[in-house]
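Taking it in order: structure first as structure tokens, then the write-up.
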Amino acid sequence: MEISEKKISNELHSGQNRTARNQTVDDILRDLTGLNGVTAAAIVDKDGLVTSIRREFDVNTDSLGVTIQIVYGAATRAAEHSRQGLVKIVISENTNGYIMMAPLINGLMLAVLTDEDALLGAVRYEIKETLPTLNQLFHKLDNRAIP
């Protein structure tokens, strides 16, 4: 990924506005959708609303966001009941592809949709590499004063 944690930190400390933050998130999602087989990448808030998305097809973002939170919630409960610890990434295998969901801070989720030919190991690796950067971005924004 091209977006560095240092770049994010510098932008936030220099007083960059919400537009710059949104552009950084969009750049990260664009990088993810640039991976072979990735058809969409989205940030979903804790209420199931899609806050940012990059996609190659038309999708009902309201349904997608709510479904992402429901599936992740079910996986979290299953992990708790089976005493397997915290959920890191949830993978849903579907007829025409996969959906990978990873938690971010403040109840946010990163959702990545792929076609059936995607190299899941490569996509999973990039998701894991992207999570700290997104968490830093959302953490810094959460701690900023809101006028």
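Restricting to region 33-54, name every residue that is without any contact (Cβ under 8 Å) to a residue 40 or more places away in the chain and either within 11 Å of residue 112 (Cα to Cα) or in a helix (DSSP H, G or I) (or both).
Within region 33-54, 33, 53, 54 meet the criteria.
Scan region 111-135 for residues that are more than 11 Å from the chain's Cα centre (by Cα), closer than 21 Å to residue 65 by Cβ and part of a helix (DSSP H, G or I) and jot them down.
The answer is 123, and nothing else.
Scan region 83-110 and report the pairs whose first residue is in contact (Cβ under 8 Å) with a residue 24 or more places away in the chain and whose second residue is assigned to a strand (DSSP E or B) and charged (D, E, K, R), with Cβ atoms within less than 8 Å and a gap of 6+ or a chain change.
Short answer, once both residue conditions are applied: 97/115.
Residues to consider are 3, 43, 8; find the one that is at pLDDT 95 or above and either of a type outside the set (Ser, Thr, Tyr) or in contact with a helix residue (DSSP H, G or I) (Cβ under 6 Å, 6 or more places away or on another chain) (or both).
Of the residues listed, the single one that is at pLDDT 95 or above and either of a type outside the set (Ser, Thr, Tyr) or in contact with a helix residue (DSSP H, G or I) (Cβ under 6 Å, 6 or more places away or on another chain) (or both) is 43.
From the list 117, 62, 58, exactly one residue is at pLDDT below 95 and under 16 Å from residue 34 (Cα atoms). Which is it?
Of the residues listed, the single one that is at pLDDT below 95 and under 16 Å from residue 34 (Cα atoms) is 117.
Within region 80-89, identify whether any single residue is over 22 Å from residue 23 (Cβ atoms), within 12 Å of the chain's Cα centre (by Cα) and among the aliphatic types (A, V, I, L, M), and answer yes or no.
Yes, the conditions are met somewhere in region 80-89.
Conditions: (1) touching a strand residue (DSSP E or B) at 6+ places or on another chain (Cβ under 7 Å); (2) surrounded by 11 or more Cβ atoms within 10 Å (Cβ to Cβ). Residue 70 meets all but one. Number of the miss?
Only one criterion in (1) touching a strand residue (DSSP E or B) at 6+ places or on another chain (Cβ under 7 Å); (2) surrounded by 11 or more Cβ atoms within 10 Å (Cβ to Cβ) is unmet by residue 70, namely (1).
Identify, by number, the condition in (1) assigned to a helix (DSSP H, G or I); (2) farther than 21 Å from residue 105 by Cβ; (3) in contact (Cβ under 8 Å) with a residue 12 or more places away in the chain that residue 78 doesn't meet.
So the condition that residue 78 fails would be (3).
Considering every residue within region 87-101, establish whether at least one is farther than 19 Å from residue 122 by Cα, surrounded by fewer than 17 Cβ atoms within 10 Å (Cβ to Cβ) and of a type in the set (A, V, I, L, M, F, W, C).
No, because not a single residue in region 87-101 is farther than 19 Å from residue 122 by Cα, surrounded by fewer than 17 Cβ atoms within 10 Å (Cβ to Cβ) and of a type in the set (A, V, I, L, M, F, W, C).
The values are calculated or read from the model by the stated rules, or taken from the named source; none is laboratory data. Model, not experiment: these values are computed from the prediction. Counting neighbours? That spans all protein chains shown, and the Cβs are built from the backbone with ideal geometry, glycine included.
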